[in-house]
Amino acid sequence: MSTSVLTAVAWPYTNGPRHIGHVSGIGVPSDVFSRYHRMVGNKVLMVSGSDEHGTPIQVQAEKEGVSPRELVDRYHRVIAEDMRGLGVSYDLYTRTTTGNHYGVVQQIFLTLYRNGYIVPKTTTGAVSPSTGRTLPDRYVEGTCPICGSDGARGDQCDSCGNQLDAADLKNPVSRINGEIPEFVSTEHLFLDLPAFTDSLGSWLSTRTGWRSNVLNFTRNLVEDMRPRPITRDLDWGVPVPLEGWDKQSMKRLYVWFDAVIGYFSASVEWARRSGDPDAWRAWWNDPAAQSVYFMGKDNITFHAQIWPSLLMGHNGQGDLGGTPGPYGELNLPAEIASSEFLTMSGSKFSTSRGTVIYVNDFLREFGPDMLRYFISAAGPETQDVDFTWDEFVRRINFELVNEWGNLVNRAISLAAKNVGAVPVPRAPEAADEELKKSARAAFDTVGTHLRHSRFRAASQEAMRVVSAANKYLSEQEPWKRKDDPDRRDTILHTALQVVSDANTLLTPFLPHAAQQVHELLGGTGVWAAQPEMREVSDLDVADRSYPILTGEYTREQASWESKPIEVGRPLSKPKPIFAKLDPKLAETGPDWAPIRH
RNA sequence: GGCGGUGUAGCUCAGUGGUAGAGCAAACGGCUCAUAAUCGUUGUGUCGUCGGUUCGAAUCCGGCCACCGCUACCA
């Protein structure tokens, strides 16, 4: 039976190109997951986009001397290209500066407001005198009132580690332009999180199958929920659709509020572009649909606490009750698949320290599947993982190239040389049946791991089939069977069948290589479909266009089963699907990201 | 400070009560179809530390040590 699966992928902040840490916990795992579900026959909707609002964008734009829109136009394209190159199969990768997103966000806001979950409050905050914009605490610098050290930030002092309030800093200065911030009282709208204490708490208590760290962390949060501001004094964001607020150029919805709604607005945009504007309902209104959210651990609070609260408030399911808005009752997250962090030589990726590896550099030199394999086999799934070139070279050369690449080359070369086509199997023996059986059984074990987002275990199980096939060939020695062509053909047929099965099992991880292997085995057409960049017109704003990622994944042939290979298909001597990495890479790193000693 | 995580073979890790595991690395041997690839054999550990529960603990409980993350106006 086909299930509707929504793959909701965290929205990258549009302030620069992606590094491999960004995609290791989010892009690659979510894509492996989605590809698997499509192969099983489920209806997958995979959405994400660029998160483009907020103070950091504005600050950076000013630093670069461009408008915020120019900045995000540039990086949206760069990030989309990174994802395309990696083969992340979004049904829609869009952005938050679209007319559609603005409309959906405002509609959700209005429903929350009508249901009583949004309340005004007057607060005191730092404001830049020259621009009138909110100055977030971390952009205020001064002397720490506790330990007296200079250079403390408004949110926290790095010297003594205490949390601070920007208003308490001595000699506060804006880190953006050095001016002295004003502390003014200003009215803002708040999401009334305490009004979800009971509803969110009881919802969480019914969650099963979530990773325990996500559940524990969120339960902790629920114990102490305070109203959270959803507006800012800023002119870069979604306008507040309320009488009196909509005309103020310096009041906008706070970026986190509009960004999480992106999962839903992107689904709506996808539906509108598909020709059936209500098509999103299969994933959002049908309680049988599954929605799985992929993000880094720093984002758990937004996905397990705030986003469910927004949805409950919209649905009228919070402690204050209410009724759903025009979108009807929207599904809450079924699973929060949060990842840990990829570190670089023991510390966080850092642009300023030069410890960073950009996706586009990586793709240019190694192509997508080596990175995809490494992340799947050794990514930060349950704990932080340190990326080293040494480990990368080892995994790729010994596991991917030697075992899998060589098996493909070995089996097809043998068949091509001896038969020139997929040979006819004669009387199979026990060893043949056993190998084929274990390959067939792997569809269950690997599939179970993938459904539970256990990508390391899944790829390991798939590789087990590869090892078994190598061992089988060594034992059966088909190259010594010139005097018994029937037996030789049976062995070669078996080996090719298992290569085909292993290729299917590896397709979610290695979609590009899988396409090649499909063709080496004599197949034609699209085995694993890839996303494409498309330039589209904004659906609601005249004269505006932007690039999206989308794809026609229904035309791909890959399906999650052992398909009998077609006897008689011509085979020719293959070219290796992977080139081995130079071992020197392990010591020096590539010249665009050299290892520093 | 609070919350949480991690500490198992040289390396990367799996292993939630019943005689310590995998892959890689190392050593030796086989094979030579294949990208010097592949197959087989072999070793290795006070499972951070101290104590407790138990017939029995890497596995449960408590103390301690080391490293790390989060701590909400960060998007």
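Every number here is computed from the coordinates shown, using simple stated rules; none is lab data. Nothing here was measured: the structure is a model prediction, and the numbers come from that model. Cβ coordinates were reconstructed from backbone atoms using ideal geometry, including for glycine residues, and neighbour counts include every protein chain displayed.
For this structure, a couple of remarks:
- For segment A:411-444, GluC sites (Glu not before Pro) are listed when DSSP marks them as loop and at most 13 other Cβ atoms sit within 10 Å of their Cβ; the list is A:Glu429.
- Of A:Lys297/A:Lys580; A:Lys437/A:Lys471; A:Lys482/A:Lys573; A:Lys417/A:Lys471; A:Lys480/A:Lys573, those spanning more than 25 Å from alpha-carbon to alpha-carbon: A:Lys297/A:Lys580
- Under-5 Å amide H pairs with A:Ala421, H placed in peptide plane, nonlocal only: A:Leu571
- The residues neighbouring A:Ala80, those whose beta-carbon lies less than 15 Å from its own, together hold a net charge of -4 under the Lys/Arg +1, Asp/Glu -1 convention.
- Partner aspartates and glutamates for A:Lys43 [C-alpha distance under 18 Å; skip if fewer than 8 residues away on the same chain]: A:Asp31, A:Asp91, A:Glu269, A:Asp276, A:Asp278, A:Asp286, A:Glu335, A:Glu552, A:Glu556, A:Glu561
- Under 5 Å from the amide H of A:Leu342 lie the amide H atoms of A:Val385, each residue being 5 or more positions distant or on a separate chain, with H modelled from the backbone and absent for Pro and chain starts.
- The distance between label points at A:Asp543 and A:Asp319 comes to 5.0 nm (points 7 Å beyond Cα on the Cα→Cβ vector).
- Near A:Leu45, the amide H atoms lying under 5 Å from its own belong to A:Val5, A:Leu6, A:Thr7; only residues 5 or more places off or on other chains count, and H is placed 1.01 Å from N.
- For the peptides A:187-197, A:213-223, the ranking by mean Cβ contacts within 10 Å, running from highest to lowest, is A:187-197, A:213-223.
- Cut-off 15 Å between beta-carbons: net charge of the residues surrounding A:Arg207, Lys and Arg +1, Asp and Glu -1: +1
- Efficiency of FRET between A:Met250 and A:Glu182 - r from beta-carbon atoms, R0 22 angstrom, step 0.05: 0.95
- Projected over every direction and averaged, the convex hull enclosing the alpha-carbon atoms of segment A:1-90 yields 6.0 nm².
- Dipole magnitude of segment A:1-100, debye to nearest 20 (Cβ charges: Lys/Arg +1, Asp/Glu -1, about Cα centre): 320 debye
- Helix-only arithmetic for chain A: the sum of -39500 (n - 2.57) across DSSP H runs with n ≥ 4, divided by the residue total, places the mean residue ellipticity at 222 nm at -12000 deg cm²/dmol.
- For chain A, the antiparallel share of DSSP beta bridges with both residues in that region comes to about 60%.
- Backbone HN-Hα couplings from phi across segment A:433-438 [Karplus 6.51/-1.76/1.60, Hz, Gly and Pro as x]: 4, 4, 5, 5, 5, 5
- Sorted on the mean count of surrounding Cβ atoms within 10 Å across their residues, most packed first, peptides A:33-43, A:527-537 read A:33-43, A:527-537.
- If you take the Cα centroid of segment A:358-437 and the Cα centroid of segment A:1-33, the two points sit 23 Å apart.
- Straight-distance crosslink candidates among lysines, where the alpha carbon sits under 27 Å from A:Lys247 and sequence neighbours closer than 8 are dropped: A:Lys121
- Summing +1 for each Lys or Arg and -1 for each Asp or Glu among the other residues whose beta-carbon sits under 15 angstrom from that of A:Ser559 gives +2.
- Anisotropy class of segment A:205-342 from Cα gyration tensor, a/c 1.5 cut: oblate
- Computed about its Cα centre, the charge dipole of chain A is approximately 1280 debye, with only Lys, Arg, Asp and Glu carrying charge at their Cβ.
- Calculated log₁₀ intensity ratio I(q)/I(0) where the Debye formula runs over C-alpha points of chain A, q = 0.10, 0.11 Å⁻¹: -0.92, -1.08
- Between A:Val119 and A:Thr524, the C-beta separation translates, for a Förster distance of 56 Å, into a calculated FRET efficiency of about 0.35.
- Rounded to the nearest 0.05, the FRET efficiency derived from the C-beta distance between A:Thr208 and A:Gln460 at R0 = 45 Å is 0.95.
- Within straight-line cross-link reach of A:Lys563, aspartates and glutamates at Cα separation under 17 Å, skipping those fewer than 8 residues along the same chain: A:Asp432, A:Glu433, A:Glu434, A:Asp444, A:Asp501, A:Glu519
- Whole-Hz ³J(HN,Hα) from phi, Karplus 6.51 cos²θ - 1.76 cosθ + 1.60, for segment A:127-142, glycine and proline x: 10, 6, x, 7, 10, x, 8, 4, 10, x, 3, 6, 9, 9, 10, x
- Most to least packed among A:376-389, A:567-580 [average Cβ atoms within 10 Å]: A:376-389, A:567-580
- In sequence order, calculated HN-Hα J values of segment A:333-338 (Karplus, 6.51, -1.76, 1.60; Hz; x Gly/Pro): x, 7, 8, 10, 9, 8
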